[in-house]
Amino acid sequence: MNLNEIQQIVDELDRGILKENARVSLQKYGGDLDEAFIVANERGYLRLGVEFLKAGFTPYLHPERAMGKRPHAINVDLDYLITDDSDVHFDYFERTEDLKIETYQESWADKGIPFAVLGVIFLVLGLAFVGLVFVIRTMF
């Protein structure tokens, strides 16, 4: 599937899924945004998906409208969708192809930790056995 076909499907979804009564609430249950959740009605989830799909095809804003130093700013309309009581609101959206994805690389220390733990367990068991033998020998 090429981008033109995907664009046509996104346009069809945009026309077919009505904005009326679509509601999304972005809430957090802890003190920070890493403890957040989304509550939405069916149409809200569908419209949220459509808006994010549209964001993939939205042209960049003119530099004057891109809030100064935000050359990758794009126009995404969520104002009709996000409820007023949401804990999270978005100031702007950016699209860039230069995102760096950080992946976890296991180090030698990470690989050695299980062996160290097993070593300590065997050491403790060995010392307990030696202590038990010593106690039994001194009693008899």
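Scan (1) free of Cβ contacts under 8 Å to residues at least 40 places away in the same chain; (2) part of a helix (DSSP H, G or I) for the single condition residue 53 breaks and write down its number.
(1) is the only condition that residue 53 fails.
Which residue pairs have Cβ atoms under 6 Å apart, sit 6 or more places apart or on different chains, and have a first residue in the range 1-19 that is free of Cβ contacts under 8 Å to residues at least 40 places away in the same chain and a second that is surrounded by 13 or more Cβ atoms within 10 Å (Cβ to Cβ)?
That search, which allows pairs on different chains as well, returns 17/46; 17/47; 17/50.
Considering only residues that are acidic (Asp, Glu) and part of a loop (DSSP other than H, G, I, E, B), which ones fall in the range 32-50?
Matches in the range 32-50: 32, 34, 35.
Scanning the range 1-56 for residues that are more than 20 Å from residue 76 (Cα to Cα) and of a type in the set (A, V, I, L, M, F, W, C), which turns out surrounded by the most Cβ atoms within 10 Å (Cβ to Cβ)?
Checked the range 1-56; the qualifying residue surrounded by the most Cβ atoms within 10 Å (Cβ to Cβ) is 36.
Out of the residues in the range 91-114 meeting the condition of being aliphatic (A, V, I, L, M) and not in a helix (DSSP H, G or I), tell me which one is surrounded by the most Cβ atoms within 10 Å (Cβ to Cβ).
99
Given the conditions (1) over 28 Å from the mean Cα position of the chain (by Cα); (2) not in a helix (DSSP H, G or I), report the number of the one that residue 125 does not fulfil.
All conditions are met except number (2).
No value in this document is a laboratory result; all are computed from the given coordinates. In this text, all values refer to a predicted model and were calculated from it rather than measured experimentally. Reconstructed Cβ throughout: ideal geometry from the backbone, glycine too, with neighbour counts over all protein chains shown.
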